[in-house]
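In what follows, a structure is listed as structure tokens, so that the remarks can point back to it.
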Amino acid sequence: MLPIIATAQDSKTFTRDKEFYIRGNTAVIGNNILSKDSEKAFNDLDKINDEFKMRYVDIDNDKSTWSSSSAHLELKEGVKVIYAGLYWSGTYHGERSGKRVKDGKVYHKKLDDRAHDIREVQLKVPGGEYEDILGSLIYDGEDAPNHSISSRAPYACMADVTAFMQGAIKGQITVANVSATQGEIIGGSAAGWLLYVVYEDDSQPLQYVTTFHGFEFVNKKAIEVDFGNFQSSEKGELQTAITIGALEGDGNLGRDEIGIFDPKTKIFVTLDNSVRASSNFFNSTITINDKRATNRVPNSLNTLGFDLAKIKIPTAQNTVIANSTGGVKMRFKTRSDRFFLFFTAFQTTISERFYNEKNNIITATEQEITAQPSKKVITNQQVAIAPPPPLEEAKPVYVAPEVVNKELASLLEKPALNIDSISPGYYVVTNVFSSATNAENWMAILSTKGLEPQMFYRPDNNYFYVFVDAGMDAAVLYKKLEEVRIMPDLKESWMLKINLD
């Protein structure tokens, strides 16, 4: 399902960028890059950027950069970053702009043209040096036909920086050379950056995560986004959140809001918490859930026109988002304070069945029989199932530290699956099927690759698992898994730990 968004003049319609079905979670950090002072935090929540000659924030004492700010990212040991998206946005009519008052009227004048390529920034991770980043242009309002847009020339860019986020990340992330107009422009100048990270974590629930970007001038007409392509879990409490990045949400100007559609009452329920009011959601702050994110340099409470928020969405307790939901509609609206929306992300807990389907754990082919086999088929032996290979008696396994990578270490720490009539051990699994016939066909294909496949049946989910090796030595089996993964069509193979608790 693609996003449904009302288009407006001088804008870039939001489109889906990334989509993940994972066991894990997300993290977001960011900071503003323009402020009243180049280094000092600005904490007066009653002021707006129109009132000041805005200056680049520059904290790094590096003469090669003209702007820089940082924020703390902390991911625990053992998680795997699968995506990191860096976004930056600002108003950039020219390098400098000023104003003068004549006959009681205020006039703004561009003093310099743009001096930098808005797509080029620098990124520094903990313990590293600056890396040059060339991003993709999402939107540039420099030539917008609407004067109120072109006179501010807002823009947004993004880059996939996943490669820089591998390993344990704990510390300050610094972004430099984000460009914006210094001085005074119509409506005030603003700029900032955000880093959105998606990671796998076995201690977290199954999640659907999707990101959208574009550039919407939210003014008189509301912007609506339909998030779909998921199925929330059938039971239990849902963990649902939305993340947004925006420009020009002034702190002391209200009547801007985010609403979520309630299918029962047919109305939009506005979101809020202790740091974002329902009637003034976009308020020039950086917040995570109900707290201000202050582990930043500078750690301004008022980011003067830059908004970054991750907020939990009400769950099944008030029926707004219920179990077994397949879609959520969000609305961004203002009746006073205009703002630019350039990024949003959505995540929610999903069902295990839907997760399996989306990750192709159940292979769907044109010949796939969708009806699940019953236990009676197995009892009557109408389907021949090869038994697992005999395994030596279960005993403690010593795995040399040099062969334990993060994936294997995670597997060793996981609780084992309990499956009746299966010998204890570690299994190298290549695929799962809801049809025994298709599992046998897959085994025939594996045999042509020189493998010796077998399968077992798991009664609790009615699926057939095809594996190519099993044993008690986890390190040896993991090496086998690595060998299997380099074969064509087998890169998604994995290991299961069975009956070892």
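Please report the net charge: other residues with Cβ closer than 14 Å to the Cβ of Asn289, K and R +1, D and E -1. Around Asn289, the surrounding residues sum to +3.
Using a cut-off of 21 Å between Cα atoms, the listed pairs Lys40/Lys102; Lys53/Lys110; Lys36/Lys312; Lys53/Lys99; Lys312/Lys333; Lys80/Lys449 include Lys40/Lys102; Lys36/Lys312; Lys80/Lys449 as exceeding that distance.
Oblate is the label for region 1-157, because a/c, from the alpha-carbon gyration tensor with a ≥ b ≥ c as root eigenvalues, is 1.5 or above and a/b does not exceed b/c. Overall, the anisotropy analysis places region 137-281 in the oblate class: the square-rooted eigenvalues a ≥ b ≥ c of its C-alpha gyration tensor yield a/c not less than 1.5, with a/b not exceeding b/c.
Summing Lys, Arg as +1 and Asp, Glu as -1, what charge do residues with Cβ under 14 Å from the Cβ of Gly78 carry, Gly78 excluded?
The answer is -1.
Qualifying GluC sites (Glu not before Pro) in region 407-501, where qualification requires a DSSP coil assignment and no more than 14 other C-beta atoms within 10 Å, comprise Glu492. Of the listed residues Thr448, Thr270, Thr285, the order by accessible area with a 1.4 Å probe, largest first, is Thr448, Thr270, Thr285.
Mean residue ellipticity, 222 nm, helices only, the chain: the sum of -39500 (n - 2.57) across DSSP H runs of n ≥ 4, divided by residue count and rounded to 500, is -2500 deg cm²/dmol. Taking amide hydrogens as placed 1.01 Å from N in the peptide plane, the amide H of Gln207 sits under 5 Å from those of Ile22, Arg23, Gly24, Ile350, each at least 5 positions away in sequence or on another chain. Other residues with beta-carbon under 12 Å from the beta-carbon of Val178 carry, at +1 per Lys or Arg and -1 per Asp or Glu, a net charge of -2.
The values are calculated or read from the model by the stated rules, or taken from the named source; none is laboratory data. Not measured: the values here are computed from a predicted model. In this analysis, Cβ positions are derived from the backbone assuming ideal geometry, glycine residues included, and neighbour counts consider all displayed protein chains. Just the protein is used for accessible areas: all its heavy atoms, side chains included, with ligands, DNA and RNA removed. Shrake-Rupley method; radii C 1.70, N 1.55, O 1.52, S 1.80 Å.
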